[in-house]
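The values are calculated or read from the model by the stated rules, or taken from the named source; none is laboratory data. A quick note: this is a predicted structure, and the numbers were derived from the prediction, not measured. Neighbour counts are summed over all protein chains in view; Cβ atoms, including those assigned to glycine, are modelled from backbone coordinates with ideal geometry. What goes into the accessible areas is simple: the full protein's heavy atoms, side chains included, and nothing from ligands, DNA or RNA. Shrake-Rupley method; radii C 1.70, N 1.55, O 1.52, S 1.80 Å.
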Amino acid sequence: MTNTKLLYSDPLAAAIVAANEIADRSKIPAHDIALVMGSGWVSAVDAFGAAEFESNAEELTGFLPPMVEGHSGKVGSYVIEGNGKKIRALVFLGRTHLYEGKGVEPVVHSVRTAVMAGCKVVVLTNACGAINKTYKVGQAVLIRDHISLTAVSPLSGATFVDLTDLYSKRLREILKKEDASLQEGVYVHWRGPTYETPAEILMMRTMGADLVGMSTVPEAIAAHALGAQVLGISLVTNAAAGVTGQKLHHEEVIAAGRAAADRMGALLNGVIPKLL
Ligand code: HPA
């Protein structure tokens, strides 16, 4: 049975307990980088080879069972070599979303656990709808900044954290060196679970947004507040509502993610050793 009591009463303590459980069970005392694999990204992890350790996340303190298709709810430890380095990556296959209605604590528990496990860099991946009409399905876009239309923060109290460089410029530059075709965009966080209306998409475009999705923003804030550097990568899985006149389906989102998984895995595998 998942222990979520501590998660809600003392979220940081829950993250420390979960990080210690990972260290004890894996016999790997610390990790360098965390990756959260969003909808359709899960099989990109095949590029990293075999996991040295794997667990159902719900066996660890504070983690909820997975709710969404395309989110396996596993956590794995991988070694990624390159650039003369051996990087230990803690990979979360799936995430909890605000639309699940469990509050913001479970949404950010993975990244808090990762930072408590030693991770200095947090890579957040997601599936998104393209508001920007120049984007194509299957294209990866680096998140340059965000607009939070949920206005839900994982922080409470007088913690006035600066978000000017939330999506690390240094990390984005490394990605763009690796793949010069990568573009950058502004991501809007939409609570869901309904997709947006065409009128809402028009509002978002007018506000200066390029991408829309139901994740990433609370995790980015929580990781940054704990001192980690954040990289956000969105995979365009569909044109946003009203752009093509087609209706949106979750299956389409998952299928576009699957189709791009090998390409996304290769990109991540090649670039990760350069991020640290
Ligand atoms: N809107 C919100 N979230 C999404 C979308 C979208 O169009 N596509 C994938 N996740």
message = Could you give each residue of segment 85-100 its phi-based ³J(HN,Hα) in whole Hz, using Karplus coefficients 6.51, -1.76, 1.60 with θ = phi - 60°, and x for Gly or Pro?
response = 10, 10, 9, 9, 10, 9, 10, 9, 8, x, 8, 9, 10, 4, 5, 6
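Quick one: dipole size for the chain, taken about the Cα centre, charges +1 on Lys/Arg Cβ and -1 on Asp/Glu Cβ, in debye to the nearest 20. List each step's numbers first, then the result.
Working: 25 positive and 27 negative charges, 100 e Å.
Once rounded to the nearest 20, the dipole reads 480 debye.
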request  = Pull out the extension gain between Lys86 and Thr194, defined as 0.36 nm times the separation in residues minus the alpha carbon to alpha carbon distance; nm, one decimal.
outcome  = 34.7 nm
remark   = Rounded to the nearest 10 degrees, the helix 198-207 long axis (Cα) sits at an angle to the longest Cα principal axis of the chain of 80 degrees
query = Which whole-angstrom value gives the distance between the alpha carbon centres of segment 92-136 and segment 176-195?
reply = 12 Å
inquiry  = Looking at the chain as a GNM with Cα springs under 10 Å, which of Pro66, Pro198, Pro154 has the largest mean-square fluctuation?
reply    = Pro198
task = Compute, for Asp165, the solvent-accessible surface of its heavy atoms (probe 1.4 Å) with the complete set of protein chains present, and express it in square angstrom to the nearest 10.
result = 80 Å²
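In whole Å, what three semi-axes, largest first, describe the equivalent ellipsoid of the chain built from its Cα gyration tensor (square root of 5 times each eigenvalue)? Please report the intermediate quantities before stating the final value.
Numbers: eigenvalues 146, 92, 63 Å².
That gives 27, 21, 18 Å for the three semi-axes.
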ask   = Which cross-chain or sequence-distant (5 or more) residues have an amide H under 5 Å from the amide H of Cys119, H modelled 1.01 Å from N in plane?
value = His31
note = The lysines whose Cα lies under 19 Å from the Cα of Lys247, excluding any fewer than 8 residues away in the same chain, are Lys133, Lys136
key: For segment 3-275, share of DSSP beta bridges that run antiparallel, in % to the nearest 5   = 40 percent
query = Counting only residues 5 or more places away or on other chains, whose amide H sits under 5 Å from the amide H of Gln183 once H atoms are built in the peptide plane?
reply = Leu142
ask   = Hey, if you put +1 on the Cβ of every Lys and Arg and -1 on every Asp and Glu Cβ in segment 127-276, which of Ser153, Thr244, Tyr187 ends up farthest toward the positive end of that dipole?
value = Thr244
ask   = Picking from Trp41, Cys128, Thr61, whose Cα lies most toward the positive end of the charge dipole for segment 22-151 (charges on Cβ: Lys, Arg +1; Asp, Glu -1)?
value = Cys128
task = Enter the angle in degrees (range 0 to 90, nearest 10) between the Cα long axis of helix 169-178 and the first principal axis of the Cα atoms of the chain, meaning the one along which they spread out most.
result = 80 degrees
query = Could you name the lysines in cross-link range of Lys27, using Cα to Cα under 23 Å and dropping any fewer than eight places away on the same chain?
reply = Lys74, Lys85, Lys86, Lys120
request  = Give a residue-ordered list of calculated ³J(HN,Hα) values for segment 149-156 (Karplus: 6.51 cos²θ - 1.76 cosθ + 1.60, θ = phi - 60°; whole Hz; x for Gly, Pro).
outcome  = 7, 7, 6, 8, 9, x, 9, 10
query = Using a simple charge model, +1 on the beta-carbon of Lys and Arg, -1 on the beta-carbon of Asp and Glu, nothing else, what dipole does segment 1-104 show about its Cα centre, in debye to the nearest 20?
reply = 180 debye
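Counting helices only, and only those DSSP H runs with n ≥ 4, report the 222 nm mean residue ellipticity of the chain as the sum of -39,500 (n - 2.57) divided by its residues, in deg cm²/dmol to the nearest 500.
Numbers: 7 runs with 88 residues, N = 276.
Mean residue ellipticity, 222 nm, calculated: -10000 deg cm²/dmol.
How much length, in nm to one decimal, is gained on full extension between Lys247 and Ile147, taken as 0.36 nm per residue of separation minus their Cα-Cα distance?
Details: separation 100, 0.36 × 100 = 36.00 nm, distance 2.42 nm.
Extending this stretch completely gives an extra 33.6 nm.
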Highest-MSF residue in the chain out of Ala18, Ala50, Ala228 [GNM, Cα springs under 10 Å] = Ala50
inquiry  = From Cα pairs below 8 angstrom and at least 6 apart in sequence, can you work out the relative contact order of segment 3-275, rounded to a whole percent?
reply    = 26 percent
inquiry  = Need one word for segment 1-115: rounded, prolate or oblate. Basis is the Cα gyration tensor (sqrt eigenvalues a ≥ b ≥ c); a/c below 1.5 gives rounded, then a/b vs b/c decides.
reply    = oblate
task = Treating the angle as unsigned and between 0 and 90°, give the value, to the nearest 10°, between the Cα long axis of helix 250-275 and the longest Cα principal axis of the chain.
result = 60 degrees
key: the chain - accessible surface per residue (Å², probe 1.4 Å)   = 42 Å²
ask   = Pick from Ala114, Ala51, Ala180: which is most flexible by mean-square fluctuation in a GNM of the chain where alpha carbon atoms under 10 Å apart are linked?
value = Ala180
ask   = Roughly speaking, what is the stretch gain from Met207 to Ala255, that is 0.36 nm per residue apart minus the C-alpha to C-alpha distance, in nm to one decimal?
value = 14.4 nm
